[in-house]
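No lab work stands behind these numbers, since they all come straight from the coordinates. Keep in mind that this is a model prediction, so the values were computed, not measured. Here the Cβ positions follow ideal geometry from the backbone for every residue, glycine too, while neighbour counts run over all protein chains shown.
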Amino acid sequence: MTSRAQTTPETVRITVLGGPTVLIEYGGLRFLTDPTFDPPQSYPGDFTKTTASTLAPDALGHIDAVLLSHDEHIDNLDLAGLAFLPRVPVTLTTPSAAERLGTPSSPLGADTPTSSSVTAQGLSPWQSVELPRPAGGTVTVTAAPALHGPPGADLVVGEVTGFLLAGDALPTVYISGDNASLDLVREIAHRAGPIDTAVLFAGAVRRPVLEGALLTLDAADAAEAAQILDARRIVLAHVDGWAHFTEGTAATIAAFTAAGLTDRLQL
């Protein structure tokens, strides 16, 4: 993988659209994380979206792949986000999400009219797929392990995944997804480092289903994750736009300030 000394801030262009939805332009390809494009509204299950995406789907242009951390929570894939998936050549996600969304080989495809035209590929932790770059070569997308809460949370809230992007002469990018485990961050830093850019989902989500335990990183954990990864650049996502986040951007910036890491933040 490329060392940090060989990278520049312009190598990877990242635009946070709101909530967990981030546009990543990398290696000549355009990736979109967890699409959420609904207008502000309330949903069953005590979910309330408070702000709209800064870009509508029609304004995005071509997207080569969606990096979907999971499909089971409306704040990571809302109704308009689901409707957007058939426009994209491939959605990379967890194996269970790929089955639910209806991959061509999945028996669910014919029975799920809202997602029957979605091409989804499931990746288990540390499994990779290579996507061709327009000018030649490939971008390697690897599923990074993630845990949406404390140990055992996957049995309650389902499986989630993060992602790593890498390629020849390209810096390594890490997208955490809804991960709450610093132990997994340490594993990722050890196996995939050096990390140039890290997109960290934070927001300190807590839900009664897990007795108020953290389902995503809180502000202090996000700062610690940045230190563990020793990334040149940190991009915050999933810290605003939904009412169930217990910490927002200001709290996360304060934690980074206390840790002496504000020079690494891209806001």
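How many nm is it between the label spots at Thr15 and Trp126, if each spot is 7 Å from the Cα in line with the beta carbon?
Each label point is offset 7 Å from its Cα along the Cβ direction, giving 3.6 nm.
Of (1) 19.6; (2) 18.3; (3) 19.0, which one was derived for Kirkwood radius over Cα pairs in Å from the structure shown?
(2)
When DSSP assigns beta bridges and you keep just the ones with both residues in region 4-266, what percent turn out antiparallel, to the nearest 5?
Roughly 60 percent of the beta bridges in region 4-266 run antiparallel, per DSSP.
Out of Asp240, Asp183, Asp196, any idea which swings most in a Gaussian network model of the chain, alpha carbons joined below 10 Å?
Asp183
What are the extents of the Cα atoms of region 147-240 along their three principal axes, listed from largest to smallest and rounded to whole Å?
So the extents along the principal axes, rounded to whole Å, are 45, 23, 19.
Enumerate the amide H contacts of Ala65 below 5 Å, restricted to partners 5 or more residues apart or on another chain; note that Pro and chain-start residues carry no placed amide H.
Arg30, Leu32
If amide H atoms are built 1.01 Å from N in the plane of the peptide, which residues on other chains or at least 5 residues away come under 5 Å of the amide H of Asn179?
Phe201, Leu217
How far apart, in nanometres, would the label points at Asp168 and Ala59 be if each is projected 7 angstrom from Cα along the Cα-to-Cβ direction?
Taking the two extended label points, one gets 3.8 nm.
Before anything else, pin down the relative contact order of the chain: Cα pairs under 8 Å, at least 6 apart, normalised by residue count, whole percent.
Values: 652 pairs, mean separation 43.6, N = 267.
Contact order relative to length: 16 percent.
Say the dipole of the chain comes from +1 at the beta carbon of Lys and Arg and -1 at that of Asp and Glu; which of Val156, Leu123, Thr246 then lies farthest toward its positive end?
Looking along the dipole axis, the top candidate is Leu123.
Rank these for me by crowding, Tyr174, Tyr43, going from fewest to most other beta carbons within 10 Å. Don't skip to the end; give the middle numbers.
Details: Tyr174 26, Tyr43 15.
Ordered by Cβ neighbours within 10 Å, fewest first: Tyr43, Tyr174.
Only helical DSSP H runs with n ≥ 4 go in: add -39500 (n - 2.57) per run for the chain, normalise by residue count and round the 222 nm mean residue ellipticity to 500 deg cm²/dmol. Present the calculation step by step, with values, prior to reporting the outcome.
Working: 6 runs with 49 residues, N = 267.
Value at 222 nm, helices only, nearest 500: -5000 deg cm²/dmol.
Toward the positive end of the charge dipole of region 4-266, about the Cα centre and with charges on Cβ (Lys, Arg +1; Asp, Glu -1), which of Thr138, Leu265, Leu92 goes farthest?
Thr138
Given R₀ = 30 Å, what would the calculated FRET efficiency be for Ala250 paired with Ala80, taking r from the Cβ atoms and rounding to 0.05?
The computed FRET efficiency comes out at 0.60.
Calculate the dipole size of the chain relative to its Cα centre from +1 charges on Lys and Arg beta carbons and -1 charges on Asp and Glu beta carbons; express the result in debye to the nearest 20.
540 debye
Among 134-144, 157-167, how do they line up from the highest to the lowest mean number of other beta-carbon atoms within 10 Å?
Descending packing order for the listed peptides: 157-167, 134-144.
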